[in-house]
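The values are calculated or read from the model by the stated rules, or taken from the named source; none is laboratory data. Quick caveat: nothing in here was measured; it's all calculated off a predicted structure. Here the Cβ is made from the backbone with ideal geometry for all residues, glycine too, and neighbour counts use every protein chain on show. Heavy atoms of the whole protein, side chains included, go into the accessibility calculation; ligands, DNA and RNA do not. Shrake-Rupley method; radii C 1.70, N 1.55, O 1.52, S 1.80 Å.
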Amino acid sequence: MLLCTVRDCHLPLVREARRVVCERGHSFDVARSGYMNLLQPQERRSKNPGDTPAAVAARRRLHDRGITAPLLNGIEAMLKASAEDVVLDAGCGDGFYLGSLAERCGFDAHGIDISIPAIDAAARRYPQCEWIVGNADRFLPYEDASFTRVMSITARRNAPEFKRVLKPGGLLLIAIPSPNDLIELRGSGRDRQERTIQEFPEGFELLEQSRVETTAELDAAGMDDVLHAIYRPMRAEPVAAGNVTFSLDLLLFQA
Ligand SMILES: [Zn+2]
């Protein structure tokens, strides 16, 4: 199901013991933690693209406190996935949403993200899922019609590629920060729903829209994790405890 990411190649990759290889001999190693790095050197915007280890660790601690459980539950309710589904999370970060849902629903789970530290953490935490380092903005390294569900949780979106890898009738779940997300820290945000819907003009039908929201009372360490997770590590003054709202607008499309 995986495709070679060498430009203009895109042949199927065959799994060997410690690597995957295409017919033209392009090969990619399987990391010790089990993920595959399919990122091409020219696709790296920087030497270490994507989330940093500090941001990945901060997000994981927030997930482990259970703060994001209401968001996970809302996504689960909208995705309506079962053990028969094959699910892709494009821009999956540390794999919390995909890995947790795969544990609950038993589906065949595939995650891709450009950050090596994020995918390495995902592979260690959720070894039952397949984890790929790659540039999902450019090319999703999967055969056409591979998935019954695709999700994009506060990640960049690639409408033509989502369409290509979804089976006809498959579902696409998009989560975007709502105007209330982190409102205590950055004030009221923009409502991105209409603009996001406009990104999927052809081949997608909007089925459902909903908002999931939770407010957590965080101690100073928790607050510090939130700031690291959003790349706003501390200013001069010490971090104070406080309330933080996490809020997502969910859009469900059918291909
Ligand atoms: Zn190739």
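Summary of values
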quantity	calculated
Of residues in the range 206-222 being charged (D, E, K, R) and more than 22 Å from the chain's Cα centre (by Cα), the one least open to solvent (accessible area, probe 1.4 Å)	219
Subset tally (residues that are in a helix (DSSP H, G or I) and under 12 Å from the mean Cα position of the chain (by Cα)) for the range 59-99	4
Out of 8, 94, 29, sole residue that is of a type in the set (Asp, Glu) and within 25 Å of residue 228 (Cα to Cα)	94
Only one of 79, 11, 101 that is hydrophobic (A, V, I, L, M, F, W, C) and touching a residue at least 40 places away in the same chain (Cβ under 8 Å)	79
Set 109, 81, 102, 90: member being among the aliphatic types (A, V, I, L, M), at pLDDT 95 or above, buried (at least 20 other Cβ atoms within 10 Å of the Cβ) and out of contact with any Leu (no Cβ under 9 Å at 6 or more places or on another chain)	102
Residue in the range 1-21 that is least open to solvent (accessible area, probe 1.4 Å), counting only those that are of a type in the set (Val, Ile, Thr) and in a loop (DSSP other than H, G, I, E, B)	5
Residue 154, sole failed condition from (1) within 19 Å of the chain's Cα centre (by Cα); (2) surrounded by 17 or more Cβ atoms within 10 Å (Cβ to Cβ)	(2)
Identity of the residue in the range 39-58, in a loop (DSSP other than H, G, I, E, B) and charged (D, E, K, R), that ends up modelled with the highest pLDDT	51
Of all residues making up the range 112-129, the number that are open to solvent by 10 Å² or more (accessible area, probe 1.4 Å), under 16 Å from residue 55 (Cα atoms) and part of a helix (DSSP H, G or I)	4
Any hit, the range 22-33, residues being open to solvent by 90 Å² or more (accessible area, probe 1.4 Å), within 11 Å of the ligand (Cβ to nearest atom) and outside the structural domain of residue 145 (by TED's automatic domain parsing)	yes
